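What follows is calculated from the coordinates using simple rules that are stated; it is not laboratory data. Every value quoted in this text rests on a predicted model; they were computed, and no experiment measured them. Using ideal geometry, Cβ is built from the backbone for each residue, glycine included, and neighbour counts are taken over all protein chains shown.
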Amino acid sequence: MMRLKYPIEYELRPETLDKGGQWLILRLKNIGDDKLHNLDIKMHSTDSLNISFRNPNTFVHLLAPNEEESLYFHVDAYATTAIYISIRYFKNGGYFHWDSPWIRKTVIGEVAELERILVSNPYGTIGRELDVEATVKGLGDSDGLDLEFWVNTPSTNYEELAKIKTKKLSRGEEASYVTKIIPREEGYYTVYANLYDDNRRIDRDSDTIWVKK
């Protein structure tokens with residue numbers, strides 16, 4: 001699927017990954033009116049435990065308007081996570097930085113994944129309770145997984161919110177689980193959901209909120 005963030009149209013294939021070592025193909029197209037010079041391209045994983053890159057960097061000397069380039073990246077894939085692309089390039093006498101949104105890559109072979117995590121309000125108030133909901137989706141048959149909620153507070157404390165045993169899930173089935181958070185200080189909070197199969201983490205997702213007095 002082609003994606004767009006001006007001045008670049010891009011596609012990252014395949015859409016899903018098998019476990020183990022394989023190749024990702026990144027197709028870039030310059031849809032702007034100016035030549036892009038000295039493109040320093042790097043792939044990033046939001047969780048290198050699940051997906052890591054053996055060759056994260058590559059370089060393109062010139063990408064002219066309407067010109068395309070296909071690039072290959074060797075990855076080790078173990079569980080579903082998000083990746084993104086960053087490009088530093090030269091145009092019209094100056095350097096520019098381009099980042100793609102996060103692109104979630106499903107790794108085939110796991111029994112489940114985190115569909116999403118969501119805090120009930122992106123803006124909280126100190127002392128006022130908020131709900132944190134995580135949705136787990138079955139990719140195969142499981143007898144129950146371990147779901148852990150954690151929060152990173154503005155004072156950089158990493159605190160456990162809850163541990164929940166999920167129900168048995170079949171392929172395509174979804175189940176949501178909720179815990180609570182009561183903010184005690186002003187600032188940004190990042191809430192995490194970690195999904196484990198026995199002691200092996202198979203997925204992780206997060207949501208960030210701002211809390212005021």
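Restricting attention to segment 3-108, lysine pairs at least eight places apart or on different chains and with alpha-carbon atoms under 19 angstrom apart total 11.
Give the residue from Val60, Leu36, Asn50 lying farthest towards the positive end of the charge dipole for segment 3-108; charges sit on Cβ (+1 for Lys and Arg, -1 for Asp and Glu) and the dipole is referred to the Cα centre. In segment 3-108, that residue is Asn50. Could you name the lysines in cross-link range of Lys165, using Cα to Cα under 23 Å and dropping any fewer than eight places away on the same chain? Lys165 reaches Lys137, Lys180.
Which of the peptides 140-148, 71-79 is most tightly packed, and how do the rest follow, going by the mean number of other Cβ atoms within 10 Å of each residue?
Order by mean packing, descending: 71-79, 140-148.
3J(HN,Hα) couplings calculated from phi for segment 199-210 with the Karplus curve 6.51 cos²θ - 1.76 cosθ + 1.60 (θ = phi - 60°) are, in sequence order, 9, 9, 6, 10, 6, 8, 8, 8, 9, 10, 10, 10 Hz; Gly and Pro show x. The value for the chain of Rg(Cα) / (2.2 N^0.38 Å) is 1.18.
If one computes P(r) from the Cα atoms of segment 3-108, what percent of pairs lie at distances over 17 Å? Cα-Cα pairs of segment 3-108 separated by over 17 Å account for 49 percent. Take the Cβ atoms of Arg128 and Arg104, set R0 to 35 Å, and the FRET efficiency comes out at 0.70.
Sparsely packed loop sites in segment 95-155 (the trypsin sites (Lys or Arg not before Pro) outside DSSP H, G, I, E and B with at most 11 other Cβ atoms within 10 Å) comprise Arg128.
Do any GluC sites (Glu not before Pro) in segment 1-97 lie in a loop, going by DSSP, with at most 16 other beta-carbon atoms within 10 Å of their beta carbon, and if so which?
Filter output for segment 1-97: Glu15, Glu67.
Amide H to amide H, with H built 1.01 Å from N, Arg104 comes under 5 Å of Ile83, counting only residues 5 or more places away or on other chains.
If you plug the beta carbon distance of Lys19 and Glu159 into 1/(1 + (r/R0)^6) with R0 = 30 Å, you get a FRET efficiency near 0.40.
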